[in-house]
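Q: This is the structure I want to talk about, given as structure tokens.
Derivation of every value follows stated rules applied to the coordinates shown; laboratory data play no part. In this text the structure is predicted, and so the values were computed from the model without any measurement. All Cβ positions, even for glycine, are placed from backbone atoms using ideal geometry, and neighbour counts span all protein chains on display.
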Amino acid sequence: MSIDTATAARVAKLSRIRVEEDALLALAEEFNTILGFIEQLAEVDVDGVEPMVSVTLMRLPRRADVVTDGYQQAKILSNSPGAREGFFAVPKVVE
Amino acid sequence: MMSDLNKLTIAGARDALRKGDTTSAELTEACLTAIEGARALNTFVHDTPDQARGMAAAADTRIKAGDAPALCGIPLGIKDLFCTKGVAGQAGSGILKGFVPEYESTVTQNLWDAGAVMLGKLNMDEFAMGSSNETSVYGNAVNPWRRAGDDTALTPGGSSGGSAAAVAADLCLGATGTDTGGSIRQPAAFTGITGIKPTYGRCSRWGVVAFASSLDQAGPMTKTVRDAAIMLGAMCSYDAKDSTSANLPVPDFEAALSGDIRGNVIGIPREYRMDGMPAEIEKLWADGTAMLKDAGAEVRDITLPHTKYALPTYYLIAPAEASSNLARYDGVRYGHRAKLAPGDGITEMYEKTRAEGFGAEVQRRVMVGTYVLSAGFYDAYYNRARKVRTLIKRDFEQVFEAGVDAILTPATPSAAFGLGEMGSKDPVQMYLNDVFTVTVNLAGLPGVSVPTGQDAQGLPLGLQLIGRPWEEGDLLNCAYALERAAGFVAKPVKWW
């Protein structure tokens, strides 16, 4: 499996990380090094092996579907780089 | 007044505080002075001296009233990954610049409830992704140890590099660390201190900035095994806010330290004898094996056949989980937001914010994770890695079922290397640092690193003991026996 610059650009896009055109080749090479390294897993016989879901055999706890917390608008917005009038403000999404 | 209070162990300080030989205020002042004098190590990145003095005063009142817990009045450093209410923390990343958490992580809350004193936040690799503390937005933390007759700056290891350097340089009595692939144990070994990653689920992950949620665990980094036992006990609790937190009683780990390991079975895994392993590491391992044997343990050769696949499994699963966890850094709710050009929409905001805010290694891992989870590759990569992870865990289960109590391995493939020496050309070279430690995270087991020797240049070297799940007490007792036999007392010569 070899990653070309078009694939690198697609992965950057999926990751929502801007990568300049002239950096794509180096990025693709890094991907190839790392993927070449993890490629060894292909040689392991995993027939009939269950994929691990949880490292400890523990049932996830459940609780009643009720509100346990809330009314903390100011705290929730306090770290936002773009809070306005009690909301998170972002650039225009719909034309 | 006692001198050099910052050099005390937690156990020593506890006893001195209880006897009235010193106060938390004095202890705390000694640490704050040591921190001021050690800026060259670049360990403390957000200082909280006023908070520390206030907490020390409260601890002194509590100690005077009697019946204070072991950690009451003990000054600690906190890895920047833990959310601490009202105190800046940014997980070593530019994308969380200016972030001041509105809440406290469960682990740090447990420490404050026990009366511990917070000195400040400690340097670390960005989002705990790194093995040398070189990916930090704060710059490198520096190891207080140097090679004999050589002033090359060495790495304290990573990702808990600031924690390790601060404890080794006596800037605090202990520090919190986190360990996703070896981030407590490797830096502990590089700096001649003790670090334990408990069983997955022992420490709550709530309020600890997430890297790879199925692997992340917090743990203490301390000067001795006894201190690790004391501090771990205070950090652990069942926490309903972490769905993977174990609802099990937390035993008195310190009470387990009898030093008696007669009849214990210690496994020596043949797969950890790597090609090209330095002779010094071979010898360290053989010496440690002999020490445990002399202490009355039975030593047994064992096999963990899937060891070789642990590193590639880890470097697939960890980035996959990271790519998902780090999706939250979008410039909307906290941290950095890029300046936008006219006409930029929300996609440009995400892309520019993440390109500016994340460092190179974090970007690389997020993108690798995105790739292995993407349509068409999910089964070939991610699901296959999860199956291999099952096999790696099974290897350990079979060994424990056969009666092995603990497994002894080297902690790292070398002593601390020079900052910048590992280069950045090939990220896989850096990943090889984790070769002895990642298996433990993949299997969810407890693992402890204990300093047991020095290399020819005088740098500390550590051995790792791996225990049965939930048996941190027995594991620490085994580590205690090893610590006593090794008698490692060397300290770095002060140059900073």
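Q: Check each of the chymotrypsin sites (Phe, Trp or Tyr not before Pro) in segment B:88-153 and keep only those in coil by DSSP with at most 15 other C-beta atoms within 10 angstrom; list them in order.
A: B:Tyr103
Q: Counting only trypsin sites (Lys or Arg not before Pro) that sit in a DSSP loop (anything but H, G, I, E, B) with at most 14 other Cβ atoms within 10 Å, what is the longest stretch of chain A containing none of them?
A: The segment A:1-58 is the longest one with no such site.
Q: With equal scatterers on the alpha carbons only and no solvent term, can you work out the Debye log10 of I(q)/I(0) for the protein assembly as shown at 0.05, 0.11 1/Å?
A: Values, matching the q order: -0.20, -1.02.
Q: Right, another one. Identify the chymotrypsin sites (Phe, Trp or Tyr not before Pro) of segment A:44-92 meeting these criteria: DSSP loop state and at most 16 other C-beta atoms within 10 Å of the C-beta.
A: Qualifying residues, ordered by number: A:Tyr71.
Q: I need the peptides B:306-316, B:453-463 ranked by packing, meaning the mean over residues of other C-beta atoms within 10 angstrom, with the highest value on top.
A: B:306-316, B:453-463
Q: Direction-averaged shadow area of the convex hull around the Cα atoms of chain A, nm²?
A: Averaging across all directions leaves 13.1 nm² for the Cα convex hull.
Q: Continuing with this model, one more query. Counting alpha carbon pairs within less than 8 Å and at least 6 residues apart, what relative contact order, in whole percent, applies to chain B?
A: Rounded, it is 18 percent for chain B.
Q: Could you tell me how many cubic angstrom of Cα convex hull volume segment B:19-124 has per residue?
A: 96 Å³
Q: Also, quick follow-up: Ordered by packing density, taken as the mean number of other Cβ atoms within 10 Å over each peptide's residues, highest first, how do B:374-383, B:279-288 rank?
A: Answer by packing, highest mean first, reads B:279-288, B:374-383.
Q: How much mean residue ellipticity at 222 nm does the protein assembly as shown get from its helices, if each DSSP H run of length 4 or more adds -39500 (n - 2.57) and you divide by all residues, to the nearest 500 deg cm²/dmol?
A: Calculated at 222 nm, the ellipticity per residue is -10500 deg cm²/dmol.
Q: Right, another one. Rounding to the nearest 20 debye, state how big the charge dipole of chain B is about its Cα centre with +1 on each Lys and Arg Cβ and -1 on each Asp and Glu Cβ.
A: Dipole magnitude for chain B comes out near 480 debye.
Q: Arranged from highest to lowest average of other beta-carbon atoms within 10 Å per residue, in what order do the peptides B:201-212, B:10-21 appear?
A: The packing order, highest mean first, is B:201-212, B:10-21.
Q: Highest GNM mean-square fluctuation, chain A, Cα pairs closer than 10 Å: which of A:Ala23, A:Ala12, A:Ala64?
A: Of A:Ala23, A:Ala12, A:Ala64, the Gaussian network model singles out A:Ala64 as fluctuating most.
Q: Taking 8 Å as the Cα distance limit and 6 or more residues as the minimum spacing, I'd like the relative contact order of segment B:48-92 as a percentage.
A: Relative CO of segment B:48-92 lands at 28 percent.
Q: Just checking the output field for B:475-487: average partner chain Cβ neighbours within 10 Å of each residue's Cβ?
A: Per residue, the average neighbour count from other chains is 0.
Q: What number comes out for the charge environment of B:Leu122, summing +1 per Lys or Arg and -1 per Asp or Glu over other residues with Cβ under 12 Å away?
A: Spelling it out: positives minus negatives among the neighbours equals -1.
Q: Please compute the average number of Cβ atoms from other chains found within 10 Å of each residue's Cβ in peptide B:91-100.
A: 1
Q: Continuing with the same structure: Where Lys and Arg each count +1 and Asp and Glu each count -1, what net charge lies around B:Gln457 among other residues with Cβ under 15 Å from its Cβ?
A: Charge balance in the 15 Å sphere: -2.
Q: Let me know the shape class of segment B:350-420, please: from the alpha-carbon gyration tensor, a ≥ b ≥ c as square roots of the eigenvalues, rounded when a/c is under 1.5, otherwise prolate if a/b is greater than b/c, or oblate.
A: Oblate, because a/c is 1.5 or more while a/b does not exceed b/c.
Q: Considering every residue in B:370-376, what mean count of other chain Cβ atoms within 10 Å of its Cβ is obtained?
A: 4
Q: So what is Rg over Rh here for chain B, counting just Cα atoms and using Kirkwood for Rh?
A: Rounded to two decimals, Rg/Rh equals 0.95.
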